[in-house]
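Student: Just passing along the structure, written as structure tokens.
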Amino acid sequence: MARIGIGIVGGGYMGKAHAGAFAAVGTVFETGLKPRLVAIAGSSPESGARYAQAFGFDRGAPDWRALVEDPEVEAVVIAAPQALHREIAEAAFAQGKPVLCEKPMGLTLEDARAMLAAAERAGVAHMVAFNYSRTPATQQARRMIAEGALGRLHHLRLEHTEDFHLTSILPPWRSQGGANGCLGDLAPHPINAALALGGPVTEVFAVLDTVFPERNGVTVTNDDQVAMTLRFASGATGQLFASRVAHGRKMGYAYDVMGEKGALRFDQEDQNSLWYCDGSLPAERAGFTRILTGPAHPDYGPFCAGPGHGTGFQDQIIIEAKDFLTAIDEGRAVWPSFAEAVEVHRVVAAARASAVSGTWARVADF
């Protein structure tokens, strides 16, 4: 069985999730490559050593540069602050090493494009971790849309709403800088969903709103929520809303997809259910029917043979790890690659420009 040495930059919330995923993926899925947890880097040599001990790595790296240059690290996972993503990715690609990068891919569109160019020069696998699009339910939704179950799409409603920015214990950096605002941080998830479910977006009209101008004595310089109208290349329209100050919403990644033949509805807070309305049914049977995920749906069966038992957040990260290993092993792009992530950044850039100008912005201009 072929082994591959994994190095992770960052041991916080997502670094820990990726460590757990790569530790488990070879058991859950029959991957051609089996990961070996070689090294992990934190913000200091001490934190790297602590993460290595806690998560089961061979060693802690003194910093990310040492990790990338470690000959036993054959693939790099970036779970560091996004301001570091470009530098780490370019260094890894210069070493010929595949990269799995947390979203948002870069601090700016310029960063994202530079990272894609470096990946293409290196000719190695690259992927961005939009984990919520990997639930069996959302994979099933994409399959049904591709197979024509909804016919021609005419409208999509997408949201990502949470209430984490209402707490009094947030670090000040969350209130500073556009990249840490709602458009830079939360909105990329529903934008990625919009592209995955509805296809290319051509135009956006966006409004950014800072609901709380001060947070715990810190002046808030970024947006708390964003609302935008979308036009798709297919002719469909869309409404997208993201908020970090939505009371009561913990993981409000949700969407409605409406087509000429039917509709789909999903809410991440009930991630094992997909709701389907078959528009061909007679009136007495019309309405939404719950599809409870099970082994018949993508990437569910390796976790459990029983329908309705469900998957969770960590399972999404394990699916990501499987897809990344598959991309490396088979030498092919696995969605979403850096190219798809650049498209998300382009929509973000268009939305930001629209919010400033108060007019529609064409994605093609970015």
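Student: Would you point out which residue out of His160, His165 is closer than 24 Å to Met251 by Cβ, of a type outside the set (Gly, Ala, Ser), crowded, with 20+ Cβ neighbours inside 10 Å and in contact with a His (Cβ under 7 Å, 6 or more places away or on another chain)?
Tutor: His160
Student: Would you call Leu183 touching a residue at least 40 places away in the same chain (Cβ under 8 Å), in a helix (DSSP H, G or I), within 28 Å of Asp224 (Cα to Cα) and in contact with a helix residue (DSSP H, G or I) (Cβ under 7 Å, 6 or more places away or on another chain)?
Tutor: Yes.
Student: Moving on to the next point. Just to be sure I understand, how many residues within region 10-35 are surrounded by 19 or more Cβ atoms within 10 Å (Cβ to Cβ) and of a type in the set (Lys, Arg)?
Tutor: Total satisfying the criteria: 1.
Student: Identify all residues within region 203-259 that are out of contact with any Cys (no Cβ under 8 Å at 6 or more places or on another chain), assigned to a strand (DSSP E or B), closer than 28 Å to Tyr276 by Cα and polar (S, T, N, Q); write none if there are none.
Tutor: Listed by number, the residues that qualify are Thr229, Thr237, Gln239.
Student: Please give the helices (runs of 4 or more DSSP H) falling wholly within region 25-114 in which 2 or more residues are touching a Leu at 6+ places or on another chain (Cβ under 7 Å) and within 30 Å of Pro295 (Cβ to Cβ).
Tutor: Answer list for region 25-114: none.
Residue-by-condition table, conditions (1) farther than 23 Å from His247 by Cβ; (2) touching a Pro at 6+ places or on another chain (Cβ under 8 Å); (3) of a type in the set (A, V, I, L, M); (4) in the same structural domain as Glu269 (by TED's automatic domain parsing):
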site	(1), (2), (3), (4)
His165	no, no, no, yes
Pro171	no, no, no, yes
Gly177	yes, no, no, yes
His189	no, no, no, yes
Asn192	yes, yes, no, yes
Leu197	yes, no, yes, yes
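Student: Still on this structure, I have one more. Residues in region 108-137 that are of a type in the set (S, T, N, Q), over 21 Å from Ala349 (Cα atoms) and either touching a Lys or Arg at 6+ places or on another chain (Cβ under 9 Å) or surrounded by fewer than 24 Cβ atoms within 10 Å (Cβ to Cβ) (or both): how many?
Tutor: 2
Student: Mind telling me which of the residues Val99, Val77 ends up being buried (at least 20 other Cβ atoms within 10 Å of the Cβ), β-branched (Val, Ile, Thr), within 12 Å of Phe338 (Cα to Cα) and within 17 Å of the chain's Cα centre (by Cα)?
Tutor: Val99
Student: How do the pairs read when you match residues in region 249-274 that are within 19 Å of His309 (Cβ to Cβ) with residues anywhere that are charged (D, E, K, R) and not in a loop (DSSP other than H, G, I, E, B), using Cβ under 6 Å and keeping only pairs 6 or more apart or on different chains?
Tutor: Once the first residue is within 19 Å of His309 (Cβ to Cβ) and sits in region 249-274, its partners that are charged (D, E, K, R) and not in a loop (DSSP other than H, G, I, E, B) give Ser273/Arg290.
Student: I would also like to ask the following. Need the failing condition index for Val38 against (1) free of Cβ contacts under 8 Å to residues at least 24 places away in the same chain; (2) touching an Asp or Glu at 6+ places or on another chain (Cβ under 8 Å); (3) surrounded by 16 or more Cβ atoms within 10 Å (Cβ to Cβ), just the number.
Tutor: (1)
Student: Somewhere in region 44-62, is a residue over 25 Å from the mean Cα position of the chain (by Cα), under 23 Å from Ala122 (Cβ atoms) and free of Cβ contacts under 8 Å to residues at least 60 places away in the same chain?
Tutor: Scanning region 44-62 turns up at least one residue that is over 25 Å from the mean Cα position of the chain (by Cα), under 23 Å from Ala122 (Cβ atoms) and free of Cβ contacts under 8 Å to residues at least 60 places away in the same chain.
Student: With respect to the numbered conditions (1) closer than 18 Å to Gly106 by Cβ; (2) in contact with an Asp or Glu (Cβ under 9 Å, 6 or more places away or on another chain); (3) of a type outside the set (S, T, N, Q), which one is the sole condition not fulfilled by Glu343?
Tutor: Here Glu343 clears every test but (2).
Student: Moving to a separate point now. Could you please find all residues in region 303-341 being closer than 18 Å to Ile191 by Cα, of a type in the set (A, V, I, L, M) and crowded, with 21+ Cβ neighbours inside 10 Å?
Tutor: Scanning region 303-341 gives a single hit, Ala341.
The values are calculated or read from the model by the stated rules, or taken from the named source; none is laboratory data. Just so it is clear, the model here is predicted, and its values are computed rather than measured. Because the Cβ atoms are built from the backbone with ideal geometry, glycine has one as well, and the counts that use them run over all protein chains shown.
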